[in-house]
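The values are calculated or read from the model by the stated rules, or taken from the named source; none is laboratory data. Treat the numbers as computed from the prediction; the structure is a model and nothing was measured. We place every Cβ from the backbone using ideal geometry, glycine too, and count neighbours over all the protein chains shown. The area values use the complete protein model at the heavy-atom level, side chains included, leaving out ligands, DNA and RNA. Shrake-Rupley method; radii C 1.70, N 1.55, O 1.52, S 1.80 Å.
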Amino acid sequence: MSYAPAQTEFADRTVVVLAHSRSGTSWLLNLLTTHPALCGIDTESNIFLALNELWRNRHRPDGEGLLAYLSINDLTVAMREFCDAMFAASRDVIKPDATWYVEKTPDNSLFLPLIAVTHPDAWFVHLMRDGRDVARSLVAAPMGPDDYGKAAGEWARNVRWVERNEWQLARFRRVYYEELVQDPVAHMTDLFQWMGLEVDPKLAAALGERAGHEVMRFGGTGRVGAGKWRELSERALEQILGAAGDVLAEYGYLDAAYG
Amino acid sequence: MRPDVILPEDRAAESPLSGRVVFLVATPETGAERLLRGLAALPGVVAPPVPTHVFSQGLGEVLDHWVSGAEMINRFVRRQPDDGTLMGFRMLSGLTDPETFLSHARTLGDALLLPGFGESDGMLVEYSPFHINNVADIVTLYPDSHIVHVVRDGRQVAARLASPLYMEENPGEAARRWIDEQHAVDEIAHHPMLSAVRIEGLDADPTTALALLAEAFGIDAGDDDIERAIAAMGDPPPVVPSGAAGAIVDIAGADLLAKYGYGPEQRDTSTRLAAWAHLSSSAAGSFARRIATEGASSVVERARAVASSVRRTEG
């Protein structure tokens, strides 16, 4: 189930971050790559989006396309080798000593049926963040939607998409942003140990230092943190609850501790 | 967008498929499938049983996820004001340099095509209907492959494309497709591995045409092989009345018809007038505007004048 489909240096050593945009993926990447073995880029590679048409080609309903002679296994191996060759090229530039690669494009959640096949051995980390904060951050971002309801709806769909495909992921962890902010060292230590990586005191100290860094901020002035949605108007909160109230409730975000 | 460089020659030479792939590019109803069958009958040549769509639904998309040039990168990527880190959509260009990317993309492409050879250690010939719009992608990743542009009289092609089989909206759309797709090949006009085959010429003298193609591809084909290839091609389709779509090609694709050596076609006045009217009508507005921007504004003006006179006559 969790074996890599191809002989590759990143077998069992790929981390795929799943989250909607503005959930803190860059911050999590910064924390993950504090470990000397891990590396990854802070911009979005969209590598699985780039490969998705090939995947669709192999599954054409009209009988045309690569299915005429190419097995699923051959396609899977080819795509995996492409990914890992690109990751290795990236690693060679940004952190040549690293042996793991972190892929954190937010839209990865939407391509889980593909990723689950090419990367069954990967460590999937679903970064869950309060949809109200995500919606607030999305609307503030230059490339985000203008409407809080639409932003929250996008977040909710992303969460549902991860839930729907979770069964395919042998190594899956859900990490709550709010808990990570509260105690980044403990949660990151737990995450690293889950992946079989050691955390020494030096790394723990570096994690604590890096956790406070501000990342991916669009128009904001505060530091990394949770609960910024409280700055929103009542109207904006109504829009968010209308679009994503059920998901927020299911994940406890409307409980007293958060709400 | 794709990288602004192509796969280096020495890297292409390392590929197990170096010089072994022939891409036929053509608008549907041109006769490329017949040529494909003929070539696949030559010794050492194989062809996938169906269009692979490997570029139009696959490798083209991979190449399209490359962002070239500082200006484009700056459009998608913003720099963090406090610590200077980059953020945003840099796509695959965020991972490595263009040459390395193309090398890995070529390896991917080879892995997709190689099983199509089966046991053959010869050539693979491929035709997919939309690949004519991917010719620049093909050259970028497979500069060593042969690209054969199969051409047929656009009036005949458009007439067939205008049938309900193709779901083109109207004869104008069918005509536009043929015109646009032939122009798409202009992008690689100077590529040394590009050749053009007029299907009418092939049908007139298939022995010579197929022997020349076999020689160009380095295939050792004897007279019997060529005969088998001709038989595999089958008979050409009958010529059909080209109708409204053909009349529009006559006007809007006049440069292409001349370029590929297709002479004027007899046509009744009402069909010609209808074609002019179509070009000047609102439905074809974007088509006409495009023609205008490509340096044939006089065609649009003439179309409007003719349509106006038609309306006056009808009134």
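What to note about this one:
- Look at the alpha carbon pairs under 8 Å that are at least 6 residues apart: their mean separation over the length of chain A gives a relative contact order of 28 percent.
- Out-of-range pairs (alpha-carbon distance over 32 Å; input A:Lys150/A:Lys202; A:Lys104/A:Lys150; A:Lys104/A:Lys228): A:Lys150/A:Lys202
- Using the Cβ-Cβ distance between B:Ala232 and A:Glu9 with R0 = 35 Å, the FRET efficiency computed as 1/(1 + (r/R0)^6) comes to roughly 0.15.
- Linear extension gain, B:Leu165 paired with B:Phe130, 0.36 nm per residue minus alpha-carbon span: 11.0 nm
- Fully extending the segment from A:Ala249 to A:Lys202 would add 13.1 nm, taking 0.36 nm per residue of separation and subtracting the current Cα-Cα distance.
- Quotient of Cα Rg and 2.2 N^0.38 Å for the protein assembly as shown, N being how many residues it contains: 1.16
- Taking the Kirkwood radius as Rh and the Cα radius of gyration as Rg, the range A:59-154 has a ratio of Rg/Rh equal to 1.08.
- Backbone HN-Hα couplings from phi across the range B:170-186 [Karplus 6.51/-1.76/1.60, Hz, Gly and Pro as x]: 6, x, x, 5, 4, 5, 4, 4, 4, 5, 4, 6, 5, 5, 4, 6, 4
- Space enclosed by the convex hull of the alpha-carbon atoms of the range B:111-248, per residue, Å³: 141 Å³
- Here the dipole of chain A is about 220 debye; that uses its Cα centre as origin and unit charges on the Cβ of Lys and Arg (positive) and Asp and Glu (negative).
- Separation of the range A:74-145 and the range A:1-73, taken as the distance between their Cα centroids, equals 6 angstrom.
- Solvent-accessible area lost in complex, 50 Å² minimum, residues of the range B:29-50 relative to chain alone, 1.4 Å: B:Val50
- The GluC sites (Glu not before Pro) found in the range A:55-127 include none that occupy coil by DSSP while having at most 12 further C-beta atoms within 10 Å.
- Considering only A:Val102, A:Leu32, A:Gln182, the residue lying farthest towards the positive end of the dipole of the protein assembly as shown is A:Gln182, judged by Cα position with unit charges set on Cβ.
- For A:Glu44, residues with placed amide H under 5 Å, excluding near neighbours: B:Gly88, B:Phe89, B:Arg90, B:Met91
- Radius ratio Rg over Rh of chain A, counting only Cα atoms, Kirkwood formula for Rh: 0.98
- Zone of A:Trp167's modelled label, taken as backbone nitrogen in the range A:1-31 under 18 Å from a point 7 Å along Cα→Cβ: A:1-2
- Label sites at B:Asp220 and A:Val93, each approximated as a point 7 angstrom past Cα along Cα to Cβ, lie 4.6 nm apart.
- For B:Val197, the residues whose modelled amide H falls within less than 5 Å of its own, excluding neighbours fewer than 5 places apart on the same chain, are B:His149, B:Val150, B:Val151.
- Partner shielding of B:93-103 amounts to 5, given as the average count of beta-carbon atoms from other chains within 10 Å of each residue beta-carbon.
- Based on DSSP H segments of at least four residues, each scored -39500 (n - 2.57), the protein assembly as shown has a per-residue ellipticity at 222 nm of -14500 deg cm²/dmol.
- Farthest toward the positive end of the dipole of the protein assembly as shown, out of B:Pro3, B:Ala105, B:His191, is the Cα of B:Pro3, where the dipole comes from beta carbon charges about the Cα centre.
- For the range A:93-208, the convex hull spanned by the alpha carbon atoms encloses 142 Å³ per residue.
- Cα→Cβ-extended label distance, 7 Å offset, between B:Thr269 and A:Asn73, nm: 7.2 nm
- Solvent-accessible area buried by A and B, counting both chains, probe 1.4 angstrom, square angstrom: 3400 Å²
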